[in-house]
1. In percent, what relative contact order does the range 12-120 have, based on Cα pairs under 8 Å that are 6 or more apart in sequence?
2. List the residues whose amide H sits under 5 Å from the amide H of residue 31, counting only those 5 or more places along or on another chain, with H placed 1.01 Å from N in the peptide plane.
3. Sort 16-23, 30-37 by the packing proxy (mean of other Cβ within 10 Å over each peptide's residues), most packed first.
4. In debye, nearest 20, what is the charge dipole magnitude of the chain about its Cα centre with +1 on Lys and Arg Cβ and -1 on Asp and Glu Cβ, if you could check?
5. List the aspartates and glutamates whose Cα lies under 19 Å from the Cα of residue 86, skipping any in the same chain that are fewer than 8 positions away.
6. Based on the alpha-carbon set only, what is the convex hull volume of the chain divided per residue, in Å³?
7. List, in order, the whole-Hz ³J(HN,Hα) value for each residue of the range 6-21 obtained from phi through the Karplus relation with A = 6.51, B = -1.76, C = 1.60 and θ = phi - 60°; use x for Gly and Pro.
8. Kindly provide the chymotrypsin sites (Phe, Trp or Tyr not before Pro) of the range 38-120 that DSSP labels as loop, not H, G, I, E or B, and whose Cβ sees at most 11 other Cβ atoms within 10 Å.
Amino acid sequence: QVQLVESGGGLVQPGGSLRLSCAVSGSIFGIDNMGWYRQAPGKERELVATITSAGSTNYADSVKGRFTISRDNIKRMVYLQMGSLKPEDTAIYYCNVQVNPYIGGIKAYWGSGTLVTVSS
């Protein structure tokens, strides 16, 4: 019913930039928090950034000053602008949204991920 599709991943050199997008579709009344998580090789999935329905943001310390999360409530999209990329940013990036359906309570959904590789 609710689907999240990430895009924008790819190969980039250290110091470069990349913009990730996540499109949300389905029977949705509203979307509360949206966020990006990542899982690097050999590591656990971790929070990257979140944004509330009002636009309040939160970032992991490791990406503060380099990444910017934003959302478009009309298009039902969430973005992650990544700059000054480092090799340690290499990971599969996952979109997460908290969805308010027309019937029922809030439920979280995950995308399938998009791979970001930072390497020279």
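The values are calculated or read from the model by the stated rules, or taken from the named source; none is laboratory data. As the structure is a prediction and not an experimental result, all values here were calculated from the model. Reconstructed Cβ throughout: ideal geometry from the backbone, glycine too, with neighbour counts over all protein chains shown. Note: accessible area is taken over every heavy atom of the protein model, side chains too, but ligands, DNA and RNA are not part of it. Shrake-Rupley method; radii C 1.70, N 1.55, O 1.52, S 1.80 Å.
1. Numbers: 239 pairs, mean separation 39.1, N = 109.
Worked out over the range 12-120, it gives 36 percent.
2. So residue 31 has HN proximity to 100.
3. On the way: 16-23: 17.9, 30-37: 19.9.
Per-residue Cβ counts within 10 Å, averaged per peptide and sorted highest first, yield 30-37, 16-23.
4. Details: 11 positive and 8 negative charges, 28 e Å.
So the dipole magnitude of the chain works out to roughly 140 debye.
5. By straight Cα distance, residue 86 reaches 44, 46, 61.
6. Numbers: hull volume 11.2 nm³, N = 120.
Cα convex hull per residue, to the nearest whole number: 93 Å³.
7. Rounded to whole hertz, the list is 8, 8, x, x, x, 9, 9, 7, x, x, x, 10, 7, 10, 9, 10.
8. Numbers: sites: 59, 67, 79, 93, 94, 102, 109, 110; in loops: 102.
Within the range 38-120, the qualifying chymotrypsin sites (Phe, Trp or Tyr not before Pro) (loop, at most 11 other Cβ atoms within 10 Å) are 102.
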